[in-house]
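Every read-out reported here was derived from the displayed coordinates using simple, explicitly stated rules and does not represent laboratory data. Values in this document were obtained by computation on a predicted structure and should not be read as measured data. Glycine gets a Cβ as well: all are built from the backbone with ideal geometry, and neighbour counts include every protein chain shown.
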Amino acid sequence: MINGYTRTCGLLGNPVEHTMSPAIHNFLAEKTGCNLAYLPFRVEEGCLEDAVKGAFALNVLGLNVTVPYKSQVLPLLQETDPLAEAIGAVNTLVRTEKGFKGYNTDMPGLSRAFYSDGVKIEGEKVLILGAGGVARAVAVLLAKEKAGEIILLNRTVEKARRIAEEVNGMCGRELVKPLPLKDWETLPEERTYLAIQTTDVGMFPGTERAVIEEEGFYRRIHTAYDLIFNPLETRFMKLAKEAGGRAYNGLKMLVYQGIIAYELWTDRPIEEKLAGQVYDTVLKQMECGG
Ligand code: ATR
């Protein structure tokens, strides 16, 4: 029940209409008996600063930040967590005395999803498909979690090169190597790699596409991890399974990034059993078309 004690959280972004975050956080509030309501706030271009200041003035407890504001929000924060700083993107704001502190829960969310799916990172040889903001964040996470080798495969190799230089600079060794997407055939032919798909190729409504179509590529990977969750099985995942590998979508990452944000706002840990229930709720909502 909403009353005078209800704390408010919400999502800043544009568009926000298809978000799953209200389903995640309002479910968690109900299950943990927390008097908290979560709402979507569409923020028009040029209004982000007003939105952040306004939310603080309105005693908002916490916010998520989504496209297109994850980097733009950085200069508006009182403080930024070091991981979010290294990634260069913030998706969660937590109220402090003088302003909001920014965190990135997307990458810790991905890390928890890997753990939950039994996907190992330490010492692994990993391919990252794409070289946008998400690929960069994934490379930072993998470096932190001691991946053995990271190859950034991208159509525009220059972008992969830039990320490789930055991340190698951060970790002080030649961990990340750029490779043009079309040169995947130069990779060893054994089933060697975990492949993480960070582009939006294959996302609804373009579901008939995968960033690489050739079977030879999929025979080189043992695990395909697509960060897309709509559709629940992408063409990338299907091709990987057909070639004999395992495949996962990005729904667990979505759920865990929300759970970690909720833990930051309320200071209470969410146990795995409840995390599973959140997953089932989001899955059901997706299967019903949102
Ligand atoms: P995000 O911040 O979500 O990572 P982005 O910065 O726009 O998004 O990056 C999108 C990534 O998807 C890029 O690596 C892009 O490749 P280019 O750098 O060559 O543009 C990749 N991408 C998008 N459409 C693609 C396609 N049809 N084939 C291959 N890669 C594609």
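Once C-alpha pairs closer than 8 Å and six or more residues apart are averaged by separation and normalised to the residue number of segment 198-290, the relative contact order reads 22 percent.
With 10 angstrom as the radius, rank D226, D200, D267 by how many other C-beta atoms surround their C-beta, starting from the fewest.
D267, D200, D226
Applied to segment 18-23, the Karplus parametrisation 6.51 cos²θ - 1.76 cosθ + 1.60 on θ = phi - 60° returns per-residue 3J(HN,Hα) values of 9, 5, 9, 4, x, 4 Hz, with x for Gly and Pro.
How far is helix 157-171 tilted off the main Cα axis of the chain, in degrees rounded to 10, range 0 to 90? Relative to the chain, helix 157-171 is tipped by roughly 70 degrees. Gyration tensor analysis over the Cα atoms of segment 135-290 returns equivalent ellipsoid semi-axes of 28, 22, 14 Å (largest first, whole Å). With one equal scatterer per alpha carbon and no solvent term, the Debye-computed log10 I(q)/I(0) for segment 80-134 at 0.28, 0.31 1/Å reads -1.14, -1.18. Measuring max minus min along each principal axis, the C-alpha atoms of the chain give extents of 63, 40, 33 Å (largest first). Hey, quick one: spin label on E149, modelled 7 Å out along Cα-Cβ, who in segment 203-224 has an amide N within reach, i.e. under 19 Å? Hits in segment 203-224 for E149 at 19 Å: 216-224.
Helices in the chain, meaning DSSP H runs of at least 4 residues, each add -39500 (n - 2.57). Divided by all residues, the mean residue ellipticity at 222 nm is -11500 deg cm²/dmol.
Taken along the Cα-to-beta-carbon direction at a fixed 7 Å, the label points for E17 and M1 span 3.5 nm.
The phi-based Karplus calculation (6.51 cos²θ - 1.76 cosθ + 1.60; θ = phi - 60°) puts the 3J(HN,Hα) values of segment 172-188 at x, 7, 7, 7, 9, 10, x, 8, x, 3, 5, 8, 4, 5, 7, 6, x Hz, whole numbers, x for Gly and Pro. Mind telling me which of T234, T186, T199 comes out most flexible in a GNM of the chain, alpha-carbon contacts under 10 Å? Among T234, T186, T199, the largest GNM mean-square fluctuation belongs to T186.
Order by neighbour count: I128, I150, fewest other Cβ atoms within 10 Å first, most last. Present the calculation step by step, with values, prior to reporting the outcome.
Values: I128 27, I150 24.
Going from sparsest to densest Cβ surroundings: I150, I128.
Taking square-rooted eigenvalues a ≥ b ≥ c of the alpha carbon gyration tensor, is segment 183-255 rounded, prolate or oblate, where a/c under 1.5 means rounded and, failing that, a/b exceeding b/c means prolate? Judged from the Cα gyration tensor, segment 183-255 comes out prolate (a/c at least 1.5, a/b above b/c). 3J(HN,Hα) along segment 39-56: 10, x, 10, 7, 10, 6, 3, x, 10, 4, 4, 4, 5, 5, 5, x, 5, 5 Hz, from the Karplus curve 6.51 cos²θ - 1.76 cosθ + 1.60 with θ = phi - 60°, whole Hz, x for Gly and Pro.
Just the projected area, averaged over all directions, of the convex hull on the alpha carbon atoms of segment 1-158: how many nm²?
11.2
In this label model, F204 and L232 are separated by 1.1 nm, measuring between points 7 Å along each Cα→Cβ vector.
Once you order the gyration tensor axes a ≥ b ≥ c over the Cα atoms, which shape class does segment 3-57 get: rounded for a/c under 1.5, otherwise prolate or oblate by comparing a/b with b/c? Spell out each step's value before the answer.
Values: a/c = 3.84, a/b = 1.51, b/c = 2.55.
Judged from the Cα gyration tensor, segment 3-57 comes out oblate (a/c at least 1.5, b/c at or above a/b).
Diffusion of segment 134-181 by Stokes-Einstein, at 10 °C in a medium of 1.306 mPa s and with Rh set to the Kirkwood radius over alpha-carbon pairs, works out to 154 µm²/s.
Between the alpha-carbon centres of segment 225-290 and segment 28-65 there is a gap of 23 Å.
Spin-label model, E287/E79: points 7 Å from Cα along the beta carbon direction are separated by 4.3 nm.
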